[in-house]
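Shown next, in structure tokens, is the structure this report addresses.
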Amino acid sequence: MPDPETDTLRALLRAVASGRTSAEQALQQLRLDPGTDILDGLHPDHHRGLRTGMAEVVFAQGKDDSRLLAAVESIACRSGQVLVTRCTPEQGRLLSRSRSGGEYWPQAGLFSLGRQLTLTPPWPSRGRVLIVTAGSADMRTALEALGTLRFHGIDAGLICDVGVAGLHRLSAHMRALDAAAAVIACAGMEGALPSVLAGFLSAPVIAVPTSVGYGTGAGGMAALLAMLNSCAAGITVTNIDNGYGAAAFAVKMLQKTTPDTADSCD
């Protein structure tokens with residue numbers, strides 16, 4: 001996905017090379033832009049995409065209206081694109097009023113500006129990254145992951161409600177799962193689905209415990225511990241309900257993927 005910050009930096013370097021901008025002016029811009037305090041300690045990180053390959057995402061939870069709007073405005077003015085996670089309905093309505101052209105997806109808790117997420121069903125059941133849910137109760141976390149992947153230009157699909165209580169439901173999707181470069185598995189209760197998938201697939205499995213379950217599920221702790229203790233190789237585990245974190249891991253992993261090259265033998 002094209003990165004507006006990278007394009008901005010490239011234009012700045014060209015300006016220096018052509019003599020239209022001095023090296024000192026460019027240095028000041030690079031030094032000061034990422035650290036500007038825009039509202040009582042709010043410091044948007046405009047160069048995060050340059051450093052990490054993923055631009056800053058606004059985490060809405062815990063922000064008051066003024067800081068939320070200021071953060072979104074600051075990033076949007078620089079790049080024209082911004083993703084906001086963990087939006088309440090009230091925050092979603094606020095952002096939709098303030099930014100025409102933005103999309104709020106209540107089930108995913110996401111607000112997007114400058115990128116189409118299209119999170120309405122039917123969802124494709126194939127993709128470079130496949131998200132799999134144990135139950136339909138895991139959908140909020142799964143849709144957060146799906147929206148994040150789509151915001152970053154990743155071809156992603158979603159397979160719902162194929163948990164271990166009816167494991168035969170996976171059989172119809174095995175070809176698509178085999179073809180995926182990575183699989184994100186969202187599961188609550190006992191959290192067994194990622195282990196099952198890792199036992200079948202060569203692709204890495206990103207396990208996301210969800211807070212779905214009865215009392216001893218302890219808000220996702222049972223699923224988290226089960227996933228951390230899986231005996232199936234090739235699993236990494238995110239925090240509870242962290243669909244964004246799972247998608248971010250997949251984005252970074254795919255950014256570093258290079259075509260296989262055969263070893264030469266004399």
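The values are calculated or read from the model by the stated rules, or taken from the named source; none is laboratory data. Since this is a predicted model, take the numbers as computed values, not measurements. Heads up, the Cβs are rebuilt from the backbone with ideal geometry, glycines too, and the neighbour counts pull from every protein chain shown. When the accessible area is computed, the model is the full protein with side chains, heavy atoms only, and any ligands, DNA or RNA have been set aside. Shrake-Rupley method; radii C 1.70, N 1.55, O 1.52, S 1.80 Å.
Would you mind finding the one in MET227, MET221, MET189 that is touching a Gly at 6+ places or on another chain (Cβ under 6 Å), in a helix (DSSP H, G or I) and farther than 24 Å from PRO124 by Cα?
Values: MET221 fails: touching a Gly at 6+ places or on another chain (Cβ under 6 Å); MET189 fails: in a helix (DSSP H, G or I).
Matching residue, one of MET227, MET221, MET189: MET227.
Could we say that SER171 is modelled with pLDDT under 95, part of a helix (DSSP H, G or I) and either crowded, with 18+ Cβ neighbours inside 10 Å or of a type in the set (S, T, N, Q) (or both) here? Answer is yes for this residue. Hey, among the residues in region 70-100 that are of a type in the set (A, V, I, L, M), part of a helix (DSSP H, G or I) and modelled with pLDDT of 90 or more, which one's most open to solvent (accessible area, probe 1.4 Å)? Looking at residues that are of a type in the set (A, V, I, L, M), part of a helix (DSSP H, G or I) and modelled with pLDDT of 90 or more, I get LEU94. Would you say GLY157 is surrounded by 22 or more Cβ atoms within 10 Å (Cβ to Cβ), in contact with a Pro (Cβ under 9 Å, 6 or more places away or on another chain) and at pLDDT 95 or above? Criteria not met by GLY157. Is it fair to say SER202 is touching a helix residue (DSSP H, G or I) at 6+ places or on another chain (Cβ under 8 Å), surrounded by fewer than 16 Cβ atoms within 10 Å (Cβ to Cβ) and not in a helix (DSSP H, G or I)? Yes: the conditions hold for SER202.
This table checks each residue for (1) closer than 23 Å to LEU143 by Cβ; (2) modelled with pLDDT under 95.
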| position | (1), (2) |
| --- | --- |
| MET227 | yes, no |
| ILE235 | yes, no |
| LYS252 | yes, yes |
| THR258 | no, yes |
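Of all residues in region 124-168, those satisfying the criterion of being charged (D, E, K, R), in a helix (DSSP H, G or I) and in contact with a strand residue (DSSP E or B) (Cβ under 7 Å, 6 or more places away or on another chain) are ASP138, GLU144, ARG150.
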